[in-house]
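As structure tokens, the structure follows; a few thoughts come after it.
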């Protein structure tokens, strides 16, 4: 189990910062951990442009693997990051040992995230984008706590959230193979409270006889609310 390599990928409005507690646990166990931030969010929010797409997000991860010379990675995608890691596995399976989808939204081939939303929610997101500077991004929703119920943790998360590039919402993930591309896959569902928007993906994952399906009794941002429990799961894989 020694000397594993973990690539931890954040979800919408987040950044690599959200993995700090889990990364600390995994490193303390002797493993290499990388927590990249997608272009246009987090500490890379200054790079927000109209040209950002899902291809950009996937390329962010490809570049980390190539320039850090990573092999045999355990790749974890949280929430919206499930789309990014699915795209990574589609184009670079030979560098990945296992995919882990953490309460993740899975892509529908040929559909963008906006395409998959119910019409009323799509209209809200597009209105938010139209109201943003240059119409380039979607502000973090005020009515979403990401399952982080502790007031101090919730304040910390809220203080770090940044707008999500609209282009990544409006473009599909390029998939030439079924989700997972034949790699070993694990789906971890966060159940207390459950995050409604990932319900369809969790049901899909549970139906896949070739995937492992696990549950963790915590909220959607498990890396914040239950870092020890989540780290223990990742170490057991």
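Scanning region 81-125 for residues that are farther than 17 Å from residue 56 by Cβ, modelled with pLDDT under 95 and part of a helix (DSSP H, G or I) returns 115, 116, 119, 120, 121, 122, 123, 124, 125.
Residues checked against (1) loosely packed, with under 15 Cβ neighbours inside 10 Å; (2) in contact with a helix residue (DSSP H, G or I) (Cβ under 8 Å, 6 or more places away or on another chain):
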position	(1), (2)
114	no, yes
171	no, yes
184	no, no
203	yes, no
218	no, yes
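Restricting 178, 172 to those that are within 15 Å of residue 106 (Cα to Cα) and in contact (Cβ under 8 Å) with a residue 60 or more places away in the chain reduces the list to 172.
Among the residues of region 129-152, not a single one is under 16 Å from residue 187 (Cα atoms), out of contact with any helix residue (DSSP H, G or I) (no Cβ under 8 Å at 6 or more places or on another chain) and not in a helix (DSSP H, G or I). Restricting attention to region 57-80, the residues being assigned to a strand (DSSP E or B) and within 11 Å of the chain's Cα centre (by Cα) number 4. A search for C-beta distances below 7 Å between a residue of region 2-27 that is within 17 Å of residue 145 (Cα to Cα) and any residue that is assigned to a loop (DSSP other than H, G, I, E, B) and modelled with pLDDT under 95, counting only pairs 6+ apart in sequence or on different chains, returns 13/140. Taking the numbered list (1) within 27 Å of residue 159 (Cα to Cα); (2) surrounded by 17 or more Cβ atoms within 10 Å (Cβ to Cβ) in turn, residue 24 passes all entries but (2).
The values are calculated or read from the model by the stated rules, or taken from the named source; none is laboratory data. No experiment lies behind these values; they were computed from the predicted model shown. Glycine also receives a Cβ, built like all others from the backbone with ideal geometry; neighbour counts cover every protein chain displayed.
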